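Visitor: This is the structure, below, for whatever I ask next.
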Amino acid sequence: VHGGEGSAEHKRYCHYYKLIFYMVRLMANFRVFVEKQAKFNIEAQQLLTDFKQNLHLTMLAKVRVINLYDLFNISAEEFHRAQNIVFAEAPVDNIYTEIDLSKQTWFAVEPLPGQYDQRADSALQALNLLSINHSNLNLTTGKLIILDGINNDELALIKSYYINPLEIREKNLARLQIEISSANHSVIPQFAGFNQLSPLQLGEFSLKQSLVMSLADLICIQNYFKQQQREPTETEIKVLDTYWSDHCRHTTFETHLTAIDFAPGKYQELFQQAFAKYISSRNFVYAANVQERPITLMDLATIYGKELRKNGLLTDVEFSAEINACSLFVDIEIDGKIETWSVQFKNETHNHPTEIEPYGGASTCVGGAIRDPLSGRSYVYQALRISGAANPLEAIEDTLAGKLAQKKITTKAAQGFSAYGNQIGLATTLVREIYHPGYKAKRMEVGVVVAAAPYANIRREAPVAGDVIILLGGRTGRDGCGGATGSSKEQDVHSAALCSAEVQKGNPVVERKIQRLFRNPQVTRLIKKCNDFGAGGVSVAIGELADGVKINLDKIPTKYHGLTGTELAISESQERMAVVVAAQDAHLFIQKKKKKKKKKL
C-alpha cells in the first residue's frame, strides 16, 4: 500500500477487507422444512390412500409430506426474513428449521442434478424480489416423507414404488452442501482407430456408444472419414446419430419398399384396393418421374395431399421452406375489414418420454407442440389431448417388468399436461384417454394445438451469407441429451434405468415470455426464419436453418458449468428458439427483447 501503515490509503484498505471478512463470515447455509397443516395437506392424504390401496399396506396409519429447501450463501437475517414470505404461508403451513427423525420411519428425495427444478427456480425468483440476490446465492429442494405403522421391508417397498429413478433420487439429509460443477475445458475425444474397425467391431462400437444408427450408416460414416483421412470426434458421431435417428430423419417412413404382399385375411381385399388407389395417385402426381420416386410409408401418407394440390384444391395451404406447422390462409373480418390470417396447427407425440417419466413427458408434449407454431410466429389458442393407456386400476403386481405402474403413468401424465397448459395460459378443450390392453406395452401421448396470427406479421425469407442467428429462451443443460435417439430405440426391460438424461424438463414460464415477445409485430417482422429447439437441440435446430452455418458453442447460455461440447450440441433443453435476422437488424431485435423483459418486471 502506498503511504505505509497508518496512512489514509492503508486505513481505507483495512476497512475494505474487514467489510469483506464480515460479509463472508455472515454468509451461511440453511435448511427449512415446510409442511401443510393437517387439514390442508392433500398430498399426504392422497399418498396414504395410494400406498394402502396399491401396496396393500393395511397397517400404514399416517403419512406426512414435508417440502424442504436448502439455501446456500445467504445471511441469517435474510433467511429469517424470507421464511414466511417465500417458503411458507402462515395460515396454512407449519415451518421448522429442525425435525427430530431419530424415532421416525422416513425417507427423503430430491430432483436429479442437472434437471430443471421449477420449485427451486420460483423460490430463487421470489428471493430476488426481496433484494436477496447475491451472485453465489443458490437453492435446492426436496421432500421428506414420514410414515407411521410400517416395518423396514414395507419402507423399501414404498421407496421402490414412489421413486422414479429418471426423475428423483434419495436425498442425504446429513449433508447441507451444494454440488458445484466447474467449467469443463476437456478436449472432445477423438475415436482413434475408428477407420480401421471391422463391421463386427463397428457393431460393438455402436453398442458401447449407445448409438441408434444402423451398421450400414456407420460403415457409410467410416468411409467418409477415410476419405477425409482423419478420425471422427465424439461430437461428430453423436450429431450424426441424432440427425439420422428415426425421430429426425424418419428412417422407417423413408425406407424404400420393394416387395409388398398382403397376407390373406378379412382385410386383404380392402388393403389391395387402397394400395391400387395409391399407385394410381403416384402415377398422376409424379407422371414421367414416377420411376424415380421410391415407394415409402411417407409417400403413402402424403400422396393424397400432393394429388389435391396438383388438382388445385389446396390454394389456401401455405408452402414454404420453413416447415414449422401446417399453415392455412384464412380471410377474416375485423372491424369491418378483411384481413388474411395464418391459421396453424400441429400435433406432437411423446409416447416414450411419457412412459418413462410421465409428468415431464406429457408436459413437454404440449410444450413442444406449442413451440412449432410459435416458431412460425403465431399465437396458440387451443389444445387437445389424446392418450392411450392400459387399465389404470390394475394391480401393481401386474405391472410389466421395467415399466411404471399404469396408474402412476396415467395420473402423473395428466398432471404434467395440465400443469404446462395452465402455466402458459392455454385452454385444452378436448381430453380423451383410450383404454386398451395394447397400450400396456407402449403408451400413447398426443398433444394437438391450434394457433393463428395476422399474416402481415409473418416474414418468410431464405437466409443469406452474413445473416445472424440469435438464440433466445431457456438456458441449456444436460436434460434431453439423446432424446431424439432415445425415442428411436427399440425399448426393453432395461430402457427406463438408462434413459434419465433423455427426458426433458419443461419451463412453461419461459415459453410464455417467448409467446409475448412474438406477439409484437415489430419483433416478428425482423425474423427471416425461425426454428424451435426440439429433437437434436442446437445441432438440428440451427443446422436446419441454412445450408451452412458457423456455430460457436461457447456463446450458448448454460444452466450450470461442466457441460461438454457434445452435450451443448445435442442437449434438448426446452423453451429455446433460434431466429435468423439480417446482421443490421440483430441489435434492434435484441433491444426489443430486452425492452419486453424490463417492461414485464
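Visitor: Considering the range 324-347 alone, what residues qualify as being exposed (fewer than 12 other Cβ atoms within 10 Å of the Cβ) and aromatic (F, W, Y)?
Guide: Hits for the range 324-347: nothing passes.
Visitor: All but one of (1) in contact (Cβ under 8 Å) with a residue 24 or more places away in the chain; (2) in contact with a helix residue (DSSP H, G or I) (Cβ under 9 Å, 6 or more places away or on another chain); (3) assigned to a helix (DSSP H, G or I) hold for L202; state the number of the condition that does not hold.
Guide: Here L202 meets the rest and fails (1).
Visitor: Given the criteria over 25 Å from A546 (Cα atoms) and in contact with a Gly (Cβ under 6 Å, 6 or more places away or on another chain), does S363 qualify?
Guide: Working: over 25 Å from A546 (Cα atoms): yes; in contact with a Gly (Cβ under 6 Å, 6 or more places away or on another chain): yes.
Spelling it out, S363 is indeed over 25 Å from A546 (Cα atoms) and in contact with a Gly (Cβ under 6 Å, 6 or more places away or on another chain).
Visitor: Hey, among the residues in the range 367-403 that are β-branched (V, I, T) and in contact with a Gly (Cβ under 9 Å, 6 or more places away or on another chain), which one's least open to solvent (accessible area, probe 1.4 Å)? Steps first, answer last, please.
Guide: Looking only at the range 367-403, we keep the residues that are β-branched (V, I, T), and these are 370, 380, 386, 396, 399.
From what is left, the residues that are in contact with a Gly (Cβ under 9 Å, 6 or more places away or on another chain) are 370, 386.
Numbers: I370: 1, I386: 56 Å².
This residue is I370.
Yes/no matrix, rows are residues, columns are (1) open to solvent by 60 Å² or more (accessible area, probe 1.4 Å); (2) assigned to a helix (DSSP H, G or I); (3) among the small types (G, A, S):
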residue: C530; (1), (2), (3): no, no, no
residue: G543; (1), (2), (3): no, no, yes
residue: D547; (1), (2), (3): yes, no, no
residue: I551; (1), (2), (3): yes, no, no
residue: Y560; (1), (2), (3): no, no, no
residue: A569; (1), (2), (3): no, yes, yes
residue: V580; (1), (2), (3): no, no, no
residue: A586; (1), (2), (3): no, yes, yes
residue: K593; (1), (2), (3): yes, yes, no
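Visitor: Can you tell me which residues in the range 273-297 are open to solvent by less than 50 Å² (accessible area, probe 1.4 Å) and in contact (Cβ under 8 Å) with a residue 40 or more places away in the chain?
Guide: T296
Visitor: Let me ask something else. Mind checking which pairs have a first residue in the range 515-527 that is surrounded by fewer than 21 Cβ atoms within 10 Å (Cβ to Cβ) and a second that is acidic (D, E), Cβ under 6 Å, 6 or more apart or different chains?
Guide: Within 6 Å, the pairs are L526/D585.
Visitor: Is the range 330-347 home to any residue that is under 31 Å from the mean Cα position of the chain (by Cα), of a type in the set (S, T, N, Q) and assigned to a loop (DSSP other than H, G, I, E, B)? Explain how you work it out, then say what you get.
Guide: Let us first name the residues in the range 330-347 that are under 31 Å from the mean Cα position of the chain (by Cα), namely 341-347.
Of the ones still in play, those that are also of a type in the set (S, T, N, Q) are 342, 344, 347.
Narrowing further to those that are assigned to a loop (DSSP other than H, G, I, E, B): none.
So far as the range 330-347 goes, no, none of its residues is under 31 Å from the mean Cα position of the chain (by Cα), of a type in the set (S, T, N, Q) and assigned to a loop (DSSP other than H, G, I, E, B).
Visitor: Quick check: anything in the range 55-74 surrounded by 13 or more Cβ atoms within 10 Å (Cβ to Cβ), β-branched (V, I, T), over 34 Å from the mean Cα position of the chain (by Cα) and on the phi < 0 side of the Ramachandran plot?
Guide: no
Visitor: Here's something else I'd like to know. So, in the range 514-541, how many residues would count as being among the hydrophobic types (A, V, I, L, M, F, W, C) and within 16 Å of the chain's Cα centre (by Cα)?
Guide: Let us first name the residues in the range 514-541 that are among the hydrophobic types (A, V, I, L, M, F, W, C), namely 514, 517-518, 523, 526-527, 530, 533, 535, 538, 540-541.
Still in the running and within 16 Å of the chain's Cα centre (by Cα): 514, 533, 535, 538, 540-541.
So the count comes out to 6.
Visitor: Quick check on this structure: which one of K306, K310 is surrounded by 11 or more Cβ atoms within 10 Å (Cβ to Cβ), under 30 Å from E445 (Cα atoms) and in contact with a helix residue (DSSP H, G or I) (Cβ under 7 Å, 6 or more places away or on another chain)? Please lay out each step first, then the result.
Guide: Working: K310 fails: under 30 Å from E445 (Cα atoms).
Checking each option against the conditions leaves just K306.
Visitor: Now for a different question. Could you check, for the range 444-458, whether at least one of its residues is surrounded by 21 or more Cβ atoms within 10 Å (Cβ to Cβ), touching a residue at least 60 places away in the same chain (Cβ under 8 Å) and assigned to a loop (DSSP other than H, G, I, E, B)? Before the answer, list the steps.
Guide: Our first condition is that a residue be surrounded by 21 or more Cβ atoms within 10 Å (Cβ to Cβ); within the range 444-458, this holds for 445, 447, 449, 451, 453, 458.
With the extra rule that they be touching a residue at least 60 places away in the same chain (Cβ under 8 Å), the set shrinks to 445, 447, 449, 451, 453, 458.
Next, only the ones that are assigned to a loop (DSSP other than H, G, I, E, B) stay: 458.
Taking every residue of the range 444-458 in turn, at least one turns out to be surrounded by 21 or more Cβ atoms within 10 Å (Cβ to Cβ), touching a residue at least 60 places away in the same chain (Cβ under 8 Å) and assigned to a loop (DSSP other than H, G, I, E, B).
Visitor: Further question on the same structure: Give the residue that is nearest to L211 (Cα to Cα), with candidates limited to residues of the range 231-265 that are in contact with a strand residue (DSSP E or B) (Cβ under 8 Å, 6 or more places away or on another chain) and assigned to a loop (DSSP other than H, G, I, E, B). If you could, list the steps in order and put the result at the bottom.
Guide: First pass over the range 231-265, keeping only residues in contact with a strand residue (DSSP E or B) (Cβ under 8 Å, 6 or more places away or on another chain): 231-234.
From what's left, assigned to a loop (DSSP other than H, G, I, E, B): 231-232.
Details: E231: 17, P232: 14 Å.
By that ranking, first place goes to P232.
Visitor: Under the condition of being in contact with a Lys or Arg (Cβ under 9 Å, 6 or more places away or on another chain) and β-branched (V, I, T), which residue from the range 146-175 is least open to solvent (accessible area, probe 1.4 Å)?
Guide: Looking at the filtered set, the residue picked out is I146.
Visitor: Yes or no: the range 131-139 includes at least one residue that is at positive phi, out of contact with any helix residue (DSSP H, G or I) (no Cβ under 7 Å at 6 or more places or on another chain) and not basic (K, R). Give the steps one after another, and end with the answer.
Guide: Of all residues in the range 131-139, those at positive phi come to 131.
Those left that are additionally out of contact with any helix residue (DSSP H, G or I) (no Cβ under 7 Å at 6 or more places or on another chain): 131.
Within this subset, residues satisfying the condition of being not basic (K, R) are 131.
Yes, because at least one residue in the range 131-139 is at positive phi, out of contact with any helix residue (DSSP H, G or I) (no Cβ under 7 Å at 6 or more places or on another chain) and not basic (K, R).
Visitor: Please go through the range 211-261 and pick out each residue that is surrounded by 14 or more Cβ atoms within 10 Å (Cβ to Cβ) and acidic (D, E).
Guide: D217, E231, E234, E236, D241, D246 - these are the residues of the range 211-261 that are surrounded by 14 or more Cβ atoms within 10 Å (Cβ to Cβ) and acidic (D, E).
Visitor: Can you tell me which residue in the range 348-366 is most open to solvent (accessible area, probe 1.4 Å), limited to those that are over 18 Å from A441 (Cβ atoms) and not in a strand (DSSP E or B)?
Guide: At the first step, the residues of the range 348-366 found to be over 18 Å from A441 (Cβ atoms) are 348, 359-360, 362-366.
With the extra rule that they be not in a strand (DSSP E or B), the set shrinks to 359-360, 362-366.
Details: Y359: 77, G360: 2, A362: 0, S363: 8, T364: 1, C365: 0, V366: 2 Å².
Out of the qualifying residues, it is Y359.
Visitor: Let me ask you something else. Could you please find all residues in the range 262-272 being aliphatic (A, V, I, L, M) and either surrounded by 10 or more Cβ atoms within 10 Å (Cβ to Cβ) or at pLDDT 95 or above (or both)?
Guide: Taking the range 262-272 as the starting set, the residues that turn out to be aliphatic (A, V, I, L, M) are 263, 270.
The one that is aliphatic (A, V, I, L, M) and either surrounded by 10 or more Cβ atoms within 10 Å (Cβ to Cβ) or at pLDDT 95 or above (or both): L270.
Visitor: Continuing with this model, one more query. So, in the range 81-138, of the ones that are assigned to a helix (DSSP H, G or I) and open to solvent by 80 Å² or more (accessible area, probe 1.4 Å), which residue ends up nearest to A44 (Cα to Cα)? I'd like the intermediate steps shown before the answer.
Guide: Step one: filter the range 81-138 for residues assigned to a helix (DSSP H, G or I), giving 81-87, 118-129.
Narrowing further to those that are open to solvent by 80 Å² or more (accessible area, probe 1.4 Å): 81, 84-85, 119, 125, 129.
Numbers: R81: 28, N84: 21, I85: 23, R119: 18, Q125: 27, L129: 30 Å.
The qualifying residue nearest to A44 (Cα to Cα) is R119.
Visitor: Scan the range 52-76 for residues that are among the aliphatic types (A, V, I, L, M) and assigned to a strand (DSSP E or B) and jot them down. Steps first, answer last, please.
Guide: Taking the range 52-76 as the starting set, the residues that turn out to be among the aliphatic types (A, V, I, L, M) are 55, 57, 59-61, 63, 65-66, 68, 71, 74, 76.
Residues satisfying the conditions are V63, V65, I66, L68, L71, I74.
Visitor: For the subset of the range 398-421 comprising residues that are part of a helix (DSSP H, G or I) and over 17 Å from the mean Cα position of the chain (by Cα), which member is farthest from L166 (Cα to Cα)?
Guide: Keep residues of the range 398-421 that are part of a helix (DSSP H, G or I), which gives 398, 406-421.
Of the ones still in play, those that are also over 17 Å from the mean Cα position of the chain (by Cα) are 398, 406-411.
Numbers: D398: 21, Q406: 16, K407: 17, K408: 14, I409: 13, T410: 17, T411: 17 Å.
Out of the qualifying residues, it is D398.
Visitor: Among all residue pairs at least 6 apart or on different chains, which show Cβ distances below 7 Å where the first residue, located in the range 68-90, is basic (K, R) and the second is open to solvent by 20 Å² or more (accessible area, probe 1.4 Å)?
Guide: R81/L130
The values are calculated or read from the model by the stated rules, or taken from the named source; none is laboratory data. All values reported here derive from a predicted model rather than from experimental measurement. All Cβ positions, glycine included, derive from the backbone under ideal geometry; neighbour counts span all protein chains shown. These accessible areas exclude ligands, DNA and RNA; they are computed on the full protein's heavy atoms, side chains included. Shrake-Rupley method; radii C 1.70, N 1.55, O 1.52, S 1.80 Å.
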